[in-house]
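Please read the structure below before turning to the comments.
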Amino acid sequence: MNIPGPLNPPTRLLLGPGPSDAHPRVLRAMSTPLLGHLDPQFLEIMTAVQEMLRSVYQTKNQVTFPVSATGMAGMETCLVNLIEPGDRVVVCAVGFFGHRMVEVATRAGAQVTVLERPWGEVFDLQPIRETLQRVRPKVLTIVQAETSTGACQPLEGLGALCHEFDTLLVVDAVTALGCIPVAVDDWQVDAIYSCSQKGLSCPPGLSPVSFSPRAVEAFTKRKTKVQSWYFDVNLVEHYWDSDRFYHHTGPITMVFALYEGLRLVLEEGLENRWARHRRNHEALKAGLNALGLTYTANEKYQLPQLNAVRIPAGVDDLAVRKRLLNEFGIEIGGGLGEFKGKAWRIGLMGHNSRPDVVLLFLGALEQCLMSQGIKVSPGSGVAAANRVYLG
Ligand SMILES: *Cc1c(COP(=O)(O)O)cnc(C)c1O
């Protein structure tokens, strides 16, 4: 065969729904020579990663570690450990990822009740209470940051409500962690999962999970074995917990990456990091509005890290995204599910939530819209964003 040329992909700015760009310090950490996955030095790094994850998740949960795979593996880990065949599960589904939980829970043998809302909206506690009363499920699942709609599901009070009915609360925080508050203990969340490649500015490959004592009790008392060997937390815990027994070869380089990514989050401080995401979102939103674009999610529930906007009438979705990529090296996301062809998804996650990124993007988008014959007042997007930054 002809050996392909050296790896030399173009430079991109990843402003889609994920992956987002890895922080340069994370990339440097990844060039660190390997340690053995049971080396005492590596075990110390694992312990530090777990401690930092607890801080970022705002939890004291002992069982907190990164699953060796992407966010979907976190979803799978949470669901297959808590669900036994025949268990009743309520899935609050208001977008693409909610519906994935239906699929994963069903495959785990659950009897699933789906609670739905129109895309772009969020759930109130009252209909959830009524459903809990009627169904009495073992588990209720919900997505905090629904990446397909750009809506942020409030979680205050939901854990307490679930516990009134002896239900375990599972939360998808894949697009939330590192961008907006995730308060596992205050919200009484029982199982939660996230990913490395969105708000934590690492490459894809790890899925931080955390289980409350209630959840740990539920999966240690199971009558049946978890049908997945790899994701069975009772087994994985031997590696990530005190006896550090071989379960699978830890992805050393990814653990180095997460170590540095979490250090960056904690150095900045959680409050500062959330404030930075809000500020850059406000500037981007002002700019997008000035260019005539509107959000798919209600004003009250917009995610700062994932800006989902309607594609203006008469604009060719693919042509704009192609121009952004080819002329500017910028990737944004198209719509998923009900929003396919109707929305753009602009991510400002972790390291990418910055004024220079916002101003570059607004300038580039203006050119793309003008190339589509859309009338915009020149410079209006950048000017509106700058008013937010200077205001
Ligand atoms: C990205 C995402 C996932 C899936 O994570 P992968 O890392 O792609 O496996 C799950 N849930 C939500 C809300 C997401 O945005």
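In table form, for the structure just shown:
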{"item": "Matching residues in region 48-96 - criterion: being hydrophobic (A, V, I, L, M, F, W, C), away from the ligand (no atom under 16 Å from the Cβ) and part of a strand (DSSP E or B)", "result": "Val63, Phe65, Val89, Val90"}
{"item": "Selection status of Thr249, surrounded by fewer than 16 Cβ atoms within 10 Å (Cβ to Cβ) and over 30 Å from Phe165 (Cβ atoms)", "result": "yes"}
{"item": "Hits in region 286-300 - residues which are touching a residue at least 60 places away in the same chain (Cβ under 8 Å) and either among the small types (Gly, Ala, Ser) or open to solvent by less than 50 Å² (accessible area, probe 1.4 Å) (or both)", "result": "Ala286, Gly287, Leu288, Ala290, Leu291, Gly292, Tyr295, Thr296, Ala297"}
{"item": "Residue within region 174-192 that is more than 29 Å from Tyr259 (Cα to Cα) and open to solvent by 10 Å² or more (accessible area, probe 1.4 Å) present", "result": "no"}
{"item": "Single condition Tyr239 does not satisfy, out of (1) modelled with pLDDT under 95; (2) open to solvent by 20 Å² or more (accessible area, probe 1.4 Å)", "result": "(2)"}
{"item": "Residue match in region 217-231 (condition: farther than 26 Å from Gly350 by Cα and open to solvent by less than 20 Å² (accessible area, probe 1.4 Å))", "result": "yes"}
{"item": "Within region 1-23, considering residues that are exposed (fewer than 15 other Cβ atoms within 10 Å of the Cβ) and touching a residue at least 40 places away in the same chain (Cβ under 8 Å), the one nearest to the ligand (Cβ to nearest atom)", "result": "Arg12"}
{"item": "Test: residue in region 311-333 that is closer than 18 Å to Val122 by Cβ and either in contact with a helix residue (DSSP H, G or I) (Cβ under 6 Å, 6 or more places away or on another chain) or of a type outside the set (D, E, K, R) (or both)", "result": "no"}
{"item": "Test: residue in region 97-115 that is away from the ligand (no atom under 16 Å from the Cβ), among the aliphatic types (A, V, I, L, M), within 22 Å of the chain's Cα centre (by Cα) and part of a helix (DSSP H, G or I)", "result": "no"}
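Quick grid of which residues meet (1) surrounded by 14 or more Cβ atoms within 10 Å (Cβ to Cβ); (2) out of contact with any strand residue (DSSP E or B) (no Cβ under 8 Å at 6 or more places or on another chain); (3) in the same structural domain as Ser148 (by TED's automatic domain parsing):
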{"position": "Ala319", "(1), (2), (3)": "no, yes, no"}
{"position": "Lys340", "(1), (2), (3)": "no, no, no"}
{"position": "Leu362", "(1), (2), (3)": "yes, yes, no"}
{"position": "Ala385", "(1), (2), (3)": "yes, yes, no"}
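Residue-by-condition table, conditions (1) touching a residue at least 24 places away in the same chain (Cβ under 8 Å); (2) open to solvent by 10 Å² or more (accessible area, probe 1.4 Å):
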{"residue": "Pro66", "(1), (2)": "yes, no"}
{"residue": "Thr70", "(1), (2)": "yes, yes"}
{"residue": "His99", "(1), (2)": "yes, yes"}
{"residue": "Ile128", "(1), (2)": "yes, no"}
{"residue": "Arg134", "(1), (2)": "no, yes"}
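The values are calculated or read from the model by the stated rules, or taken from the named source; none is laboratory data. What you see is a predicted model; the values in this text were computed from it and never measured. Don't worry about glycine lacking a Cβ; one is built from the backbone with ideal geometry, like all the others, and counts go over all protein chains shown. Areas reflect the complete protein model, heavy atoms only, side chains present, ligands, DNA and RNA absent. Shrake-Rupley method; radii C 1.70, N 1.55, O 1.52, S 1.80 Å.
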